[in-house]
1. Return only the number of the condition from (1) within 28 Å of Gly185 (Cβ to Cβ); (2) part of a loop (DSSP other than H, G, I, E, B); (3) basic (Lys, Arg); (4) under 16 Å from the mean Cα position of the chain (by Cα) that Arg81 does not satisfy.
2. How many residues are in contact with a helix residue (DSSP H, G or I) (Cβ under 9 Å, 6 or more places away or on another chain), within 19 Å of Ser82 (Cβ to Cβ), surrounded by 14 or more Cβ atoms within 10 Å (Cβ to Cβ) and not aliphatic (A, V, I, L, M) if we restrict to segment 130-162?
3. If you check Ser148 against the conditions, is it of a type in the set (Ser, Thr, Tyr), closer than 19 Å to Met9 by Cα and in a helix (DSSP H, G or I)?
4. Filter segment 182-196 down to residues that are at pLDDT 95 or above, surrounded by fewer than 18 Cβ atoms within 10 Å (Cβ to Cβ) and over 20 Å from Ala208 (Cα atoms), then give me how many there are.
5. Going by the conditions given, is Arg92 under 13 Å from the mean Cα position of the chain (by Cα), farther than 27 Å from Pro16 by Cα and surrounded by fewer than 21 Cβ atoms within 10 Å (Cβ to Cβ)?
6. Test of understanding: among Ala86, Ala125, which residue is in a helix (DSSP H, G or I), surrounded by fewer than 21 Cβ atoms within 10 Å (Cβ to Cβ) and hydrophobic (A, V, I, L, M, F, W, C)?
7. Please find, among Leu113, Leu59, Leu27, Leu44, the residue that is over 16 Å from the mean Cα position of the chain (by Cα), touching a residue at least 12 places away in the same chain (Cβ under 8 Å) and over 19 Å from Leu215 (Cα atoms).
8. So which of Leu160, Leu211 ends up being in contact (Cβ under 8 Å) with a residue 40 or more places away in the chain, among the aliphatic types (A, V, I, L, M) and not in a helix (DSSP H, G or I)?
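The values are calculated or read from the model by the stated rules, or taken from the named source; none is laboratory data. Keep in mind it's a predicted model, so treat the numbers as computed, not measured. All Cβ positions, glycine included, derive from the backbone under ideal geometry; neighbour counts span all protein chains shown.
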Amino acid sequence: MMNCRFFPMIDLVLCPNFHTIPAGTQLWRVHQSKYAPDGFNPKLSDIHFGGGRFEGTVLDPYHYLYLADTPVTALAESVLRSLPFAHPLEMRDIPYVTVHGRSLSCLRTRYDLTLVSLIKGTDLAAVRQHSTLLEDESNYATARRWSSEIRAQAPDAQGLIWDSRRNRSEHALVLYHDRFEHGNGGPLEVVPGRGIPELGSREGREQANELLKPLWAEISKPVAW
C-alpha cells in the first residue's frame, strides 16, 4: 500500500470514521463505453484548476474510480451537475452529448471495502472538515488536497463515501487504485445483463429517462432522430 511522500502537510490529526461496503454489494458507474466498467481512471488533475472532487494529482498520483450505490444516483452524479430547473412545470433538459458514447454499468464487490465516511456531519468533523468540502463545486482543489491528507493519515482506507449532492440520502464513493491488490482481478467484477450498455441509443435513452424521471430530468433527443 503506497503513500505519497508529500503528505501529510498539515499539523491537524485526523480521526476518520470508517464505513464498510460488504462483499457482494452491487454498485453502479457511468463511464465512457470504450473503457472497461471496472477500470480505474489514471488521468491526474491539476493541483489548482479543473478536474474532479477527489482525483489524484502529481503530488499524490493515485488512480481513482467513482461509483454510486444505486443506478439513478450514478446517473445523477454524472449528468445533473449544475443543471437548473429552467421552467416551472418541465423536466430539466440534459444535453444528448452528455451521454453519447457512455454506459451505465453494474459492478459487484469481490470482498469487503473499507472507506472513510464523509456522510454525516460527525464524519466530516472527524477529518476536520464541514459540508463545503462536498457542496461547493468551486472547492474541488481543496477537496483533492484533503483527499490526500486523509489518505496519508488513514493508510488502510480504500476510498471515500459521501452523501450524494444530486440524490440526497443515497451515496457516491471513490476508490483508490493503490489501496488494492490487483493480481486476482481487483476489488470489483462486472455484473452481466445489468446496466445500460449505450446510454445514447434509443433504448438506452428511454431506460435512463425512466430512472431520471423522479428527479425531474430527461435526456434530450439528438438532432439526427
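1. (1)
2. Number satisfying all stated conditions: 3.
3. yes
4. Adding up the residues that qualify gives 1.
5. no
6. Ala125
7. Only one candidate qualifies: Leu59.
8. Every option except Leu160 fails the conditions.
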